[in-house]
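Here the structure comes first, spelled out in structure tokens, and everything after it is commentary.
What follows is calculated from the coordinates using simple rules that are stated; it is not laboratory data. No experiment lies behind these values; they were computed from the predicted model shown. Reconstructed Cβ throughout: ideal geometry from the backbone, glycine too, with neighbour counts over all protein chains shown.
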Amino acid sequence: MRWVEMLAAALFTFEVTGSGIAVALVSAARTLPLLCLGAIAGVVCEAINRKHILLGGMLLSCAVSLSICLLDLLDWARPWHVALAAFLSGSVWATEMATRRRMVAESAGAGLVSQAVALDSLTGSFARMIGPLVGSMLFAWIGLMGAFALSSVCCLVAALLVPGIRHVQETRRLEFTRIPGDLADSLAFALRQPAVLTVLGVTATMNFFAFSYVALVAPLGRTVFGVPEALVGLLAAAEPLGGLLGGLLLTSRAPKSNLRALMIAGSAFFLVALAAMPLMPSYALACGLLVGGGLGLALFSNMQTTLVLTSVPANLRSRQMGLVTVCIGLGPLGQMLIGVLAEMFDPPRAVIITALAGLAALCLVSILCIRSRARPGDAIG
């Protein structure tokens with residue numbers, strides 16, 4: 001439902017304002033909480049039962065989506081309403097890595113972490129593929145109300161499923177005065193772990209330079225390739241389709257090679273495909289290129305979680321996942337940058353510039369990773 005809402009919100013904002021930067025700002029509002037709250041969420045999820053956090057998040061998402069649905073029904077909805085709703089839903093998203101994704105991996109047991117993460121990435125790619133398609137079609141047929149009505153219903157169903165989850169967790173009293181110290185300890189641990197540093201560097205690069213293209217999918221589809229609203233979602237779904245195919249391969253067999261190298265290689269492959277996509281002479285070729293790039297993103301997504309869960313002791317995992325969430329939260333800054341570039345130049349050149357900058361940043365991360373060596377006693381797991 002996150003992807004249904006994001007595509008519908010982008011189409012609504014572009015329809016009302018006609019501004020690429022306005023679309024980017026609304027999209028950025030959803031990921032801004034990841035940057036602001038991700039690290040804190042990691043600390044909180046070590047103390048409070050993750051199952052309760054998951055339930056509360058689903059209920060809040062349901063209420064937010066229902067509010068936008070009612071506003072549009074009354075013809076009161078404005079882009080700032082959608083941005084505020086996106087920020088609240090993004091606050092729930094900020095707990096994702098430290099709660100739900102950790103729960104999925106740990107439920108499989110230590111021997112199946114990689115396959116469990118791959119399966120979770122596969123279902124995530126499927127949702128990201130279907131979500132934009134459903135969002136664009138619902139917006140074309142019913143408007144903003146249709147997309148957010150479906151979202152509110154699905155979030156409510158998800159909330160009803162949470163009590164049935166079998167989850168065991170040792171909790172402790174949450175002391176707010178300890179949060180700054182816990183955050184400092186978490187960062188100090190990450191700086192001593194080359195595997196974690198790789199995850200943080202690549203995640204920051206991809207979310208700042210690569211995934212920001214999503215904010216311009218609506219303008220690209222409508223003005224560059226000249227497709228109707230219903231087909232804009234197909235362009236947004238192309239990359240997740242590649243991720244779905246890559247996830248299918250990874251669920252059948254855990255990678256045996258250097259996991260850090262695989263993460264960097266997959267990320268670079270997607271950035272190359274992204275840089276070439278706006279230059280394609282046809283809509284079909286652009287979609288096909290993003291499908292190919294999505295195969296690389298499957299490696300990125302799988303290694304992002306697997307490296308942390310296999311390199312970090314259990315009592316620190318949520319905090320390290322919280323740091324990963326902060327890196328994911330750099331997305332809004334990238335979306336604002338690509339929005340400014342789209343206003344200065346045009347959407348195609350904005351995508352090309354950010355993709356090439358991402359490749360340069362990834363090269364820097366690669367050099368630092370090659371030089372990094374685990375100190376004696378630092379490697380865990």
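Would you please state the base-10 log of I(q)/I(0) at q = 0.15, 0.20 1/Å for segment 224-335, with intensities from the Debye formula using one equal scatterer on every alpha carbon?
-0.76, -1.12
Hey, can you list the DSSP H helices of the chain whose Cα span along the axis is 24 Å or longer and whose average Kyte-Doolittle score is at least -0.5?
20-47, 50-73, 113-141, 144-161, 229-252, 259-276, 283-311, 347-371
Using a Förster radius of 51 Å, what is the FRET efficiency between Val168 and Leu364 based on their Cβ-Cβ separation? Nearest 0.05, please.
Efficiency computed from Cβ-Cβ geometry: 0.75.
Do you know the relative contact order of segment 29-175, to the nearest whole percent, from alpha carbon pairs under 8 angstrom that are 6+ apart?
Reported relative contact order: 43 percent.
Tell me which of Phe345, Thr310, Ala210 sits at the most positive position along the dipole axis of segment 197-355, charges placed on C-beta atoms (Lys, Arg +1; Asp, Glu -1).
Thr310
For the chain, what is the mean residue ellipticity at 222 nm derived from helices alone (per DSSP H run of n ≥ 4: -39500 (n - 2.57); sum divided by total residues; nearest 500 deg cm²/dmol)?
The helix contribution divided over the chain gives -25500 deg cm²/dmol.
Can you tell me how segment 301-342 classifies by the Cα gyration tensor, rounded, prolate or oblate, using a/c under 1.5 as the rounded cut?
Prolate, since a/c reaches 1.5 and a/b exceeds b/c.
Could you let me know the centre-to-centre spacing of segment 293-332 and segment 115-168, using Cα atoms, in angstrom?
Distance between centres, Cα-based: 21 Å.
Based on the Cβ-Cβ distance of Thr223 and Trp141, what FRET efficiency does E = 1/(1 + (r/R0)^6) give at R0 = 25 Å, to the nearest 0.05?
The formula returns an efficiency of 0.70 here.
What nm value, rounded to one decimal, do you get for the distance between Glu15 and Leu112 when each label is placed 7 Å out toward the C-beta?
Taking the two extended label points, one gets 4.4 nm.
Could you give the radius of gyration (one decimal) and Dmax (whole number) of the Cα atoms in the chain, in Å?
According to the Cα coordinates of the chain, Rg and Dmax are 19.9, 64 Å.
Using the Cα centre as the reference, give the magnitude of the dipole from point charges on the C-beta atoms of the chain (Lys, Arg: +1; Asp, Glu: -1; all else neutral), rounded to the nearest 20 debye.
The dipole of the chain has a size of about 1100 debye.
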